[in-house]
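For reference, the structure discussed in these notes is given below.
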Amino acid sequence: MAVNNVVVIGAGVLGLSTALALSKHKHVSVTVVSKHMPGDYDIEYASPWAGANYWPVGKPGSNLQKFEKATWPELARICREVPEAGVHFQESRIFGRTKDAGTATGQWFEELCKEDAWFKDVAPNFRILPRSELPEDCDTGTSFTSVCINTAVYLPWILGQCAKNGVTFKRGVLEHISDAGGYHTSSRADVVVNCTGLLASKLGGVMDSSVYPGRGQIVLVRNEAGFMTTTSGTDDAADEAVYVMGRGLAGGTVLGGCLQHGSWESQPDPNLAQRIMQRSIDLCPALAPKTGKVGELSIVRHGVGLRPMRTGGPRVEKERIDGSWVVHNYGHAGYGYQSGWGSAWEAERLVLEALEHNSPWAKL
Ligand code: FAD
């Protein structure tokens, strides 16, 4: 059987998941080329900074919703069957405040906060919380079983699965997408998969001007809450948020956050960090049971990640560039993990479709 060469650009959660999906086909030889790899912490690399959990936000009928729906069973399977992948089940409690409608955070969490959420039949144990279980300033509440992903374990785990299936990994920085073929072991690729996240806005041949950063700031602490929780907004700023996510395998608890559209700032803002920590404690007193104050938190690190936002949602489609096929899989904003498998499988389908056209990417 003829072997087809595929180069995946990017080793974030989308690049790795897509490479793993493709590596299961015996007639496909996959090379991943990437500026950053699991283990790196860099402002240009969103994946390590994520919470990360499954809190669906896709609008009904959107591709994002389709990808989120498709991803849940795989995350749940990994959770049940693959303890070394760093994914564990955790209860979620989601609270809505009517006054957050229309704010940056309110819009982001609009679907998540609905009491008749579309995912009520996807995530298990969905229930509407009675008023007695709501925080004082909240108007709605739901709970369901979700997963939390320890990204420091999960990304290397996917990398390892790829390696086991024969995927080759190379470090490289591409100026132009047409340079990708040269990174394959055979020096040419039949299809290139573009998983460059935020940097799709700067990659020659792509230069997607609808991609921009959505800055998120977090604090990783050793304290435990026992469940994950969030609200639709805060009283501090329209683009700030409060969320608490407990990672498995002693990965600590991620406290967030914010969604600052258009900000490339890589350094943590100390004042925002204080607000993040106090809001988290106020929502989740179990984090600091003795004093209810920030001083009781044991901080592992402060962090900033830039979500790869894209007007119109993730781009998962194929395109001819310089006469050869490129499959795009980028622009997953704050939902690259919860939509990752659905999106990777769609990219896989598009690659197989493109390979049928057998059009070589002939850059040597
Ligand atoms: P990235 O992880 O940024 O990877 C891009 C890759 O492309 C990198 O390896 C980079 O080196 C490579 N690359 C780019 N350009 C080039 C080039 N020119 N040459 C070579 N290599 C290149 N999502 C969830 O689902 N659930 C959550 O709870 C969640 N929480 C989050 C919290 C925070 C604070 C943040 C910042 C994000 C969160 N996200 C969450 C979103 C999630 O992290 C992103 O959607 C996801 O990581 C995007 O993955 P990616 O692979 O597209 O991009």
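Can you tell me how many residues within segment 228-248 are touching a helix residue (DSSP H, G or I) at 6+ places or on another chain (Cβ under 9 Å) and away from the ligand (no atom under 11 Å from the Cβ)?
14
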Scanning segment 207-222 for residues that are of a type in the set (A, V, I, L, M, F, W, C), more than 9 Å from the ligand (Cβ to nearest atom) and touching a residue at least 40 places away in the same chain (Cβ under 8 Å) gives 211, 219, 220, 221
Flagged pairs (Cβ under 6 angstrom, 6 or more apart or on separate chains; first in segment 102-126, closer than 17 Å to residue 139 by Cα; second among the aromatic types (Phe, Trp, Tyr) and buried (at least 16 other Cβ atoms within 10 Å of the Cβ)) are 112/55
Residue 24: passes all of (1) more than 8 Å from the ligand (Cβ to nearest atom); (2) under 16 Å from residue 338 (Cα atoms) but (2)
Considering segment 32-56, residues that are under 22 Å from residue 351 (Cβ atoms) and assigned to a strand (DSSP E or B), and then whichever is nearest to the ligand (Cβ to nearest atom), we arrive at 34
Scan segment 37-52 and tell me whether some residue there is in contact (Cβ under 8 Å) with a residue 24 or more places away in the chain, within 26 Å of residue 355 (Cβ to Cβ), out of contact with any strand residue (DSSP E or B) (no Cβ under 9 Å at 6 or more places or on another chain) and surrounded by fewer than 16 Cβ atoms within 10 Å (Cβ to Cβ). no
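Yes/no per residue for (1) surrounded by fewer than 18 Cβ atoms within 10 Å (Cβ to Cβ); (2) in contact with a Gly (Cβ under 6 Å, 6 or more places away or on another chain); (3) among the aromatic types (Phe, Trp, Tyr):
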residue: 131; (1), (2), (3): yes, no, no
residue: 151; (1), (2), (3): no, no, no
residue: 154; (1), (2), (3): no, yes, yes
residue: 160; (1), (2), (3): yes, no, no
residue: 168; (1), (2), (3): yes, no, no
residue: 171; (1), (2), (3): yes, no, no
The condition of being surrounded by fewer than 20 Cβ atoms within 10 Å (Cβ to Cβ) and part of a loop (DSSP other than H, G, I, E, B) holds, among 99, 59, 69, only for 59
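Looking only at strands (runs of 3 or more DSSP E) that lie completely in segment 263-364, which have at least 3 residues being within 27 Å of residue 147 (Cβ to Cβ)? Let's see the steps before the verdict.
Details: elements: 299-310, 315-321, 324-330.
Answer list for segment 263-364: 299-310, 324-330.
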Exactly one of 92, 29, 17 is small (Gly, Ala, Ser), within 15 Å of the ligand (Cβ to nearest atom) and either within 13 Å of the chain's Cα centre (by Cα) or surrounded by fewer than 22 Cβ atoms within 10 Å (Cβ to Cβ) (or both), and that one is 17
Within segment 169-187, is even one residue more than 12 Å from the ligand (Cβ to nearest atom) and in a strand (DSSP E or B)? no
Taking the condition more than 28 Å from residue 6 (Cα to Cα) and more than 9 Å from the ligand (Cβ to nearest atom), does residue 74 pass? no
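Laboratory data are not the source of any read-out in this text; all were calculated from the coordinates shown. The structure displayed is predicted, hence computed values, not measured ones. Positions of Cβ are backbone-derived with ideal geometry, glycine not excepted, and every protein chain shown enters the neighbour counts.
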